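The structure under discussion appears below in the form of structure tokens.
The values are calculated or read from the model by the stated rules, or taken from the named source; none is laboratory data. Since the model is a prediction, treat every value here as computed from it, not as a measurement. Positions of Cβ are generated from backbone atoms using ideal geometry, with glycine treated the same way; all protein chains shown enter the neighbour counts. For the accessible areas, the whole protein counts, side chains as well, though only heavy atoms, and no ligand, DNA or RNA atoms are used. Shrake-Rupley method; radii C 1.70, N 1.55, O 1.52, S 1.80 Å.
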Amino acid sequence: MIISISNNKGGVLKTTTTTNLAGVLASYGNKVLIVDADSQSNVPLCFGANPDDYRINLYDILTSNVPVEEAIYKVHKNIDIIPSNDSLKDIQVDEAKTKTRPELVSLFKNKIYHLKERYDYILIDTPPNLDSLTGNAFVISDYVVIPHQPELFSMRSLGKVIDNILECKEYMNPKLEIIGVLITLIDGRTKVHNEFIQETNKDLDGYDLTIFDTFVPKTIEFENSFAYKRVPLTLSKRSSEYKHVYYDVWKEIEERIDKKVKVGN
């Protein structure tokens, strides 16, 4: 199964969500691959690795004949990654010189999709925009989770993300489904957050989508685990009142996928 974690706005916990969900899946004994499709290259940092230390990365795979297997690195038991670097931000310009739009958004399909047979789950951490890399992720994904911060600037972008996913579903990947919108960086004491959550629910009604029941709170705990334990909080051995959050999120994801499968059948 391939799941993209996507939003065209930065700072909404895409990488935090991707790596912590990977931790949940790995703790259950699943073999997981994380594709870091964001040129900021933050996924390795979440596991205490330096992205600049990797000799081959996603950019090399997409722009040359190097086998993707040479860009796969183990960062934890049951978790491998394909890292990125700064060059990835130029791929749309570089590859557009020789490729059509359909070819440009089929790079992952040609280079990465076959890895689906080797892993129980592939998670794609997409960039904070709707460029060709995000399109590539949608073309090979089964599902998309949209992290969303309940604030004014995020509200405007949410519809664009959903519309982009639905466009990809119509023209490129008919099996693509949105699992739901994951509210992140929530402060329940803040009145404006509650108001924006209500507004988000209203906006999603038109798409027949809903937000997750589980909210990801605004806390330093996730960042502290990356910085001091060199693993996502879901893999940390120390106790934390927030450690269960992404386990609850994954439980919801499973329930929602199961419901979609039953409806589809």
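Here are a few things to note about the model shown:
- Within the range 213-237, being more than 20 Å from the chain's Cα centre (by Cα) and either open to solvent by less than 20 Å² (accessible area, probe 1.4 Å) or closer than 20 Å to Asn78 by Cβ (or both) holds for Lys229, Ser236, Lys237.
- Residues (touching a residue at least 12 places away in the same chain (Cβ under 8 Å), open to solvent by 30 Å² or more (accessible area, probe 1.4 Å) and part of a helix (DSSP H, G or I)) located in the range 16-73: Ser27, Leu45, Asp52, Tyr59, Thr63, Glu70
This table checks each residue for (1) without any contact (Cβ under 8 Å) to a residue 24 or more places away in the chain; (2) on the phi < 0 side of the Ramachandran plot.
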{"site": "Lys175", "(1), (2)": "no, yes"}
{"site": "Val181", "(1), (2)": "no, yes"}
{"site": "Leu185", "(1), (2)": "no, no"}
{"site": "Phe196", "(1), (2)": "no, yes"}
{"site": "Lys202", "(1), (2)": "yes, yes"}
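- Filtering the range 83-104 for residues that are crowded, with 16+ Cβ neighbours inside 10 Å, at pLDDT 85 or above and touching a strand residue (DSSP E or B) at 6+ places or on another chain (Cβ under 8 Å) leaves a non-empty set.
- Ile165, sole failed condition from (1) under 17 Å from the mean Cα position of the chain (by Cα); (2) at pLDDT 95 or above; (3) of a type outside the set (Gly, Ala, Ser); (4) in a loop (DSSP other than H, G, I, E, B): (4)
- Screening Arg156 with (1) modelled with pLDDT under 95; (2) closer than 23 Å to Ile34 by Cβ; (3) surrounded by fewer than 18 Cβ atoms within 10 Å (Cβ to Cβ); (4) not small (Gly, Ala, Ser) gives one miss only, at (2).
- Residue match in the range 245-252 (condition: among the aliphatic types (A, V, I, L, M), modelled with pLDDT under 90 and crowded, with 17+ Cβ neighbours inside 10 Å): no
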